[in-house]
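To start, the structure under review is shown below, and the notes come after it.
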Amino acid sequence: MGQPLKAIEMKGISKAFGSVKANEDVELTVYNGEVHALLGENGAGKSTLVNMLSGIYHQDSGTVRVNGNEVRFSSPKDSIAIGIGMIHQHFKLVDVLTAKENILLGRSSGLFRNSKQLTKEIRAISDRYGLDVDPDKKVYNMSVGEKQTLEIIKVLYRGARILILDEPTAVLTPQEIKRLFRIIRNMKEQGCAVVIITHKLNEVMEISDRITVLRRGRTIGTVDTDKVQVGSLIEMMVGKKVDLAIRKEPPAQPMRPLLEVDNLHVVGHDRKSALADISFTLHEGEILGVAGVAGSGQKEICETIAGLTKAEKGRIFFDGDNIIGKTPREIIRLGIRMGFIPEDRLGMGLVGSMDIVHNLILKDYQNQPGIFLKRGPCAEKATAIVRRLDINTPNIYYPVKKLSGGNIQKVLLGREIDSDPRVLITAYPVRGLDIGASYKIYDLLNEQKSRGAGVLFIGEDLDVLMDLCDRIMVFCVGRVSGIVDPSKVTKEEIGLMMTGGKEDAAHELDQHQ
């Protein structure tokens, strides 16, 4: 049997943005009927490369061939017309429309297609690829997995035979990931070419046939998945061996309560309940993980503890004192530090136009005596944080906003850890960080735990939550569906709790409440 046809062949691809070379002489070949993973650290050039395939960017040099024919895209429409469909990490759907109406958006035929005929066509595509979505269901009523399925149907309906999925499992439960992988395998069997960009190496090993690794904008190599070890892939990605063991130290004994949240209720900006009847205890010397589908109340619990959001009712005890009603500054002085990393990393305490030193001064000025600020100690702290966290900056006086997202994150977390907090709240602290930096953060959190601090760790990756945390609190639509010992549950059980499928059994698993 001969080699399958090449769906994509990219040769000598280079792309620069000003003086920054995002891609340099990149090579990528993907065959029909193949699942091809694209690996690389943040800033390796993965997104730039696939954005050229989807018509968003145009290469400065090099050739792109699709099914053997050289192509030049001037817009995403050109890419779609030739059979390439891009599924972005952030879905491009209109919430108030139905699945059927979203599929038709942007089509020349508009919304005037025969509704029954359209439903029949959608069902045919769904049956062929093992997809399942109700054509008449509104997007705002769909789960994250259903929205992703709709995005896939949308590009297949437009004739796509080459699919590019950008971080497709980032916000899915374990059950939804299994379902997505079944869909991808069905598409592969139907002769489609599937390109997956992901940072989850265990998923790469499970679903892909071949892997291309990029590093600093260049192709390091392409390997067969069944002939490579995870350690070798990491070495290709970062250029050196990296120890991927997350060390979990036993929690402090005795487990003295440090932060106690009792019957907390918070109303969101839309006057709907954001948190309802939240109760839990964070102990000295423990890492308490928080798992949940995006938007389940993680942001609100962080901001309420930190005094940024007002609670409708309930109590939060820190060392026996109720801190509800206290200002953020009063809470910080008590020893509670929040390394909350939202999508807008510069929106929670860092001033982008200032350098690292002056961002430290902003945090320390209220504790300094007199009216004159001492820059020397803050400069020494900034130098130590840059060295300790390996922050990539020309110097400590470089504006924070000019750093990469991952380095901004390190500055923020480093500053909070430097203040020796008794409670450290970290929401998505490794989002946007490369592998080495992520494991450095895990080590730092373990250091905080070992010195007796209580750490509230809100994360996206269930594997990391289970390896790092002493207990995991699972959120589902603003409520706690259970607090579990990660050594006594499976990822699938946590996934069910995240979607409300295992509430009754969950509470008895809490070993410490």
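The values are calculated or read from the model by the stated rules, or taken from the named source; none is laboratory data. The structure presented is a predicted model; accordingly, all values stated were derived computationally and were not measured. Backbone-built Cβ (ideal geometry, glycine too); neighbour counts: all protein chains shown.
Okay, here's what the table says:
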item: Verdict on Ala427 being in contact with a strand residue (DSSP E or B) (Cβ under 7 Å, 6 or more places away or on another chain), in contact (Cβ under 8 Å) with a residue 60 or more places away in the chain, over 30 Å from Glu203 (Cβ atoms) and among the aliphatic types (A, V, I, L, M); result: no
item: Counted residues, region 207-237 - those being of a type outside the set (Ser, Thr, Tyr) and in a helix (DSSP H, G or I); result: 10
item: From the options Lys401, Lys381, residue that is over 16 Å from the mean Cα position of the chain (by Cα), assigned to a helix (DSSP H, G or I), modelled with pLDDT of 80 or more and buried (at least 20 other Cβ atoms within 10 Å of the Cβ); result: Lys381
item: Candidate set from region 298-351 (those that are modelled with pLDDT under 90 and among the small types (Gly, Ala, Ser)); member that is surrounded by the fewest Cβ atoms within 10 Å (Cβ to Cβ); result: Gly320
item: Residue check for Arg161: more than 20 Å from Lys46 (Cα to Cα), touching a Cys at 6+ places or on another chain (Cβ under 7 Å) and among the basic types (Lys, Arg); result: yes
item: Considering residues of region 433-461 that are in contact (Cβ under 8 Å) with a residue 40 or more places away in the chain and hydroxyl-bearing (Ser, Thr, Tyr) only, the residue farthest from Arg471 (Cα to Cα); result: Tyr439
item: Cβ pairs under 8 Å, 6+ apart, first in region 216-230 and assigned by TED's automatic domain parsing to the domain that holds Leu201 and over 18 Å from Asp25 (Cα atoms), second buried (at least 17 other Cβ atoms within 10 Å of the Cβ) and among the small types (Gly, Ala, Ser); result: Thr225/Ala37; Thr225/Ser208
item: Residue match in region 25-32 (condition: closer than 30 Å to Asn392 by Cβ, surrounded by 17 or more Cβ atoms within 10 Å (Cβ to Cβ) and out of contact with any Asp or Glu (no Cβ under 9 Å at 6 or more places or on another chain)); result: yes
item: Thr281 in the same structural domain as Asp463 (by TED's automatic domain parsing), crowded, with 20+ Cβ neighbours inside 10 Å, assigned to a strand (DSSP E or B) and not aromatic (Phe, Trp, Tyr); result: yes
item: Selection status of Gly452, surrounded by fewer than 22 Cβ atoms within 10 Å (Cβ to Cβ) and modelled with pLDDT under 85; result: no
item: Subset of region 158-182 (residues that are of a type in the set (Val, Ile, Thr), touching an Asp or Glu at 6+ places or on another chain (Cβ under 8 Å) and assigned to a loop (DSSP other than H, G, I, E, B)); result: Thr169, Val171
